[in-house]
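Report on the following structure.
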Amino acid sequence: MRARDGRRRGRSWSVWLASFLLAGCATAAAPLPGQSVDAPKLSVHSAGLRLPPGFRASIFARGIGPARHLTVRANGDVYVALQRKTDGGGVVGLRDLDHDGRADRLVRFGEVTGTGIAVRGPHLYFSSDTAVYRVALDGERLAPVGRVETVVSGFPDQNGHRAKSITFDDEGRLYVNVGAPSNACMEKGRTRGSPGIPDCPQLERQGGVWRFPAGQIGLTQQADGERFATGLRNCVALGWHPGGGRVFAVQHGRDQLRKFWKALYSAEQSAALPAEELHALELGSNGGWPYTYWDAFQQARMQAPEYGGDGSTEAVRGIYQDPQVAFPAHWGPNAIAFDGADRLPGRYRGGAFVAFHGSWNRAPLPQGGYNLVFVPFSDGRPTGTWEVFADGFAQTDIVGEPSDAAHRPTGVAIGPDGALYVSDSVQGRIWRITREGT
């Protein structure tokens, strides 16, 4: 559905830009839109990370391979999906035998590499770029047993935004992110001045979240999938909040406004727009991609330039939903985990943690992200604010290029004891963050 007859915004963007340039990054004194001003200062230095008071970190595992998402079993075993096979396996299983916060045992298994991974009932589920699989877990054995079964296949084989992140609802239904293979569905991909394709055809099988029946195998996207939500460019961060009873997803916003629409956007605007959007999803949700984007400074959904926007025209209201939370542009949200069982203390109870892989296109400003962000929830819903919970992953205060970052957070999961596990795609490190004294 195409947004038309947008409304022009009268507010000056220069006011917001001045605030943004003063902030520079999320840890600076001047807050960015939506950033909590009451968040605890990151004052604890532990295992190379900066954390809030009351927390500490340990390095749970090192050098396991290019880690993507991870999941934690009820007994504390950690399973990590790898982007490519390392030492003969596409998945790594980790176990802490002596309970000192470090993995003592490691197993590698599987021919499949990818992003999504989750434990559901007696099975370990994991995804490639075109399918979702499962294998049985047996008792206390770390390695799975039995044959690998195909749960869902037939997803488009595409060049961009291939990752198939997964989650399950309380009834066991499977949700799969299918990213759109483009920036803004342009007639000529990533070409200056190219208009967007009317009624973007990528939304038929991509650019959204698909839902599948519980407990079944041998499914295909086209025959068995239900398009649960659409208008979402790529939601690698996808999760079910058991306390809120809803699917939440964080979208990778579109790129390069300045490069393709030089007359409409300054370099600074292109670095600061659009927001990465946290959405609460229900059947029929529409996040507005590629026809719109969210401007966190003006708190408005704007009409995309490929579809007639000019940087100051608001999209027609009532067609696309607003985000629950807006994060800084281009940070790269790659995973989300929820404290749905109230395992964490105080202000962190019931909230969400988002792992940001980090940006590549915020010049002339420094790159941003490369951190773990906390989103407070109340009664199963976001409060609308966010704060940096852990940083220091990059091991440098200023990231000029992504290659400057020593580590890049890619996955986050919460264990049965409330420990946070964060994976790194660069060196294959896994951190474990716990409350002090535990």
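Overview of values
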| item | result |
| --- | --- |
| Amide H partners (placed H, <5 Å) of F60, local residues excluded | I430, W431, R432 |
| Prolate/oblate/rounded label for the stretch 7-435 (Cα gyration tensor, a/c 1.5) | oblate |
| Karplus (6.51, -1.76, 1.60) ³J(HN,Hα), θ = phi - 60°, over the stretch 390-404, in Hz, Gly and Pro reported as x | 8, 9, x, 4, 5, 6, 8, 6, 10, 9, x, 9, x, 5, 6 |
| In sequence order, calculated HN-Hα J values of the stretch 337-348 (Karplus, 6.51, -1.76, 1.60; Hz; x Gly/Pro) | 9, 10, 8, x, 9, 6, 8, 9, x, x, 5, 8 |
| Inter-label distance for D170 and D157, nm, one decimal - labels placed 7 Å from Cα along Cα-to-Cβ | 4.1 |
| Net dipole in debye of the stretch 7-435 [+1 Lys, Arg Cβ; -1 Asp, Glu Cβ; about Cα centre; nearest 20] | 520 |
| Relative contact order [Cα under 8 Å, 6+ residues apart], the chain, whole percent | 17 |
| In degrees, nearest ten, helix 13-23 long axis to first principal axis of the chain (Cα) | 40 |
| Net charge of neighbours whose Cβ lies under 14 Å from the Cβ of Q35, counting Lys and Arg as +1 and Asp and Glu as -1 | -3 |
| Extension gain (nm, one decimal) between T396 and V148, 0.36 nm per residue minus Cα-Cα | 85.1 nm |
| For S285, distant residues with modelled amide H under 5 Å away | T230 |
| Longest exposed-site-free window of the chain, the sites being GluC sites (Glu not before Pro) in a DSSP loop that have at most 13 other C-beta atoms within 10 Å | 283-435 |
| Sites D87 and R343, calculated FRET efficiency, Cβ-Cβ separation with R0 45 Å, nearest 0.05 | 0.85 |
| Potential extension, R62-D38 segment - 0.36 nm per residue separation minus Cα distance | 5.2 nm |
| Interchain or long-range residues, amide H under 5 Å from T167's placed H | Y175 |
| Candidate lysines for bridging to K259, where Cα separation is under 20 Å - those fewer than 8 sequence places away on the same chain excluded | K188 |
| Cα-based shape type of the stretch 365-438, given that a ≥ b ≥ c are square roots of the gyration tensor eigenvalues and the cut on a/c is 1.5 | oblate |
| Those trypsin sites (Lys or Arg not before Pro) in the stretch 33-98 that DSSP places in a loop and that have at most 10 other beta carbons within 10 Å | K41 |
| At most 14 other Cβ within 10 Å, DSSP loop - trypsin sites (Lys or Arg not before Pro), the stretch 141-242 | R141, K188, R190, R192 |
| Cα gyration tensor shape of the stretch 94-135, rounded if a/c is under 1.5, else prolate or oblate by comparing a/b with b/c | prolate |
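Laboratory data are not the source of any read-out in this text; all were calculated from the coordinates shown. Computed from a prediction, not measured in an experiment: that's the story for all the values here. Methodologically, a virtual Cβ is constructed for each residue, glycine included, from the backbone with ideal geometry; neighbour enumeration extends over all protein chains shown.
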